[in-house]
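Single-structure report; data block below.
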Amino acid sequence: MKLIKSKSLQLLILCLILLLVFIRQKDLYYLPHVSENLSLSQEQDLEHVKQIFPEAEKFEALDSSGVRFVVKDKKGEVLGSIINSEISAKEVKGYGGEVPFIIGTGKDGKIIGVVLLENKESGGFVERIKKSGLLDSWDGLLPREAALKKVDAVTGATITSTAIIRSFQKTAGSFTAPDAIPAGRTIIKLLRFLIATITLLLGAIAFFNVGFFCRYRRTLITLNIIVLGFLTGYFLSLKFLFGCVMGVVPWRDLFIPLVILLSTIFMGLFTGRNLYCSCLCPYGSALEAAAAIRLKKIDISTRTYFILGKIRWCILMLVLFTLVLKWRIDLSYFEPFSFFSLGAAHFFVITMAIFFIALSVFIPRFWCRFVCPTGGILGLFCGKITGSRKDRSGSVGR
């Protein structure tokens, strides 16, 4: 009974804090980045326009819709026009919300450049997209031609790049109203989805069947790392959880992580065990693989255990504090999970990931047991929070 009351109080406090975070952050997600009609601003967006038209001095709306603008130089001569994606594609979401951009067209009506506007995607993923040449894919085409062009997503930044492609197709397609816009790489996406689903089902079987869990543990670890980690990036994180709270997660692209989250909460409430941390987490699986290396382990005293157990909550409080204060932070930097997108992950994140993997060789799953804020949040829904004194082996949830 004490445990139930304690858990209920912790969940109530967390819900109240998340409500406060939502109230403080909602204007950043549900209000346009400039004005009520989503129109571009001379002060904020002229620099973006100059990336397409270096001689631009101003731009003027062609109508009241806030979609099309004519660009002029200091002499007032027309250089071309720009199309704002924020209205026609405002329902398309990336990992952190909308990914707005402007499309520049020359006097002949052909596209000469695409420039991203302010967004909440991780900087590493945005840089990877820019370096991949995705934004140059439509250059030299008329909007009606570009809307129908098949363009592939960028590996390692799939969610963000897919959002950009869909936004472009809807924005450019709004001027031509094509009957169908090709999705691109549909078969590959379907295969990834099926493989991820199989991995999820195997993890669920292992969760309920201890014999299966022990017999095929190495196989499950390998699948988690390769499929849920490197291949699909279907892992839970602070960034994903925050996106769920703010309602900006693209459910069509992140359906599997959503199922994992809801299943973990449901199973935690009814079994007292953590489905994700024990059977599905790709980074936790990498740590467990490192812990299997036969080297002498460092024993941790009870007092040290107690002190280290506070780290995750300090990190979580720091994150919530910065969100309430509306400071601009990239939540992916607080956890090593974007390590699986090596080409897009920040050097700091890669270093952090490697450090905790190496540390796990001597102190099994140190990150999972003492540091992981996502695991701490999920643990609130379970009868036992990961990293308890009973969990000396570091095998979370078992």
Set the Förster distance to 22 Å, then compute FRET efficiency between Ala358 and Cys214 from the Cβ-Cβ distance, nearest 0.05. 0.25
Label selected from [x] 53; [y] 22; [z] 10, the criterion being percent of Cα pairs over 41 Å apart as computed here: [y]
Explain nothing, just the number: dipole magnitude of the chain about its Cα centre with +1 on each Lys and Arg Cβ and -1 on each Asp and Glu Cβ, in debye rounded to the nearest 20. 2480 debye
List the residues whose amide H sits under 5 Å from the amide H of Gly80, counting only those 5 or more places along or on another chain, with H placed 1.01 Å from N in the peptide plane. Val71
Run lengths n ≥ 4 of DSSP H only: what is the helix-derived mean residue ellipticity at 222 nm for the chain, with -39500 (n - 2.57) per run over all residues, to the nearest 500? -14500 deg cm²/dmol
Taking the Cα centre of the chain as the origin and placing charges on Cβ (Lys, Arg +1; Asp, Glu -1), which of Gly309, Gln51, Ala163 is farthest toward the positive end of the dipole? Gly309
Pairs to check: Lys74/Lys149; Lys90/Lys149; Lys130/Lys150; Lys74/Lys170. Give those whose C-alpha atoms are more than 26 Å from each other in this structure. Lys74/Lys149; Lys74/Lys170
DSSP-loop trypsin sites (Lys or Arg not before Pro) across region 292-350, with at most 16 other Cβ within 10 angstrom: Arg294, Lys296, Lys297, Lys310, Lys326, Arg328
Quick one: what are the phi-derived ³J(HN,Hα) couplings along region 326-335, Karplus 6.51/-1.76/1.60 with θ = phi - 60°, whole Hz, x for glycine and proline? 6, 6, 7, 9, 9, 5, 5, 7, 7, 9
Using Cβ counts within 10 Å as a stand-in for footprinting exposure, how do Glu60, Glu98, Glu145 rank, fewest first? Glu60, Glu145, Glu98
Relative to the longest principal axis of the chain, what angle (0 to 90°, nearest 10) does the C-alpha long axis of helix 186-208 take? 20 degrees
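Rule-based calculations on the coordinates, nothing more; no lab input. Keep in mind it's a predicted model, so treat the numbers as computed, not measured. Positions of Cβ are backbone-derived with ideal geometry, glycine not excepted, and every protein chain shown enters the neighbour counts.
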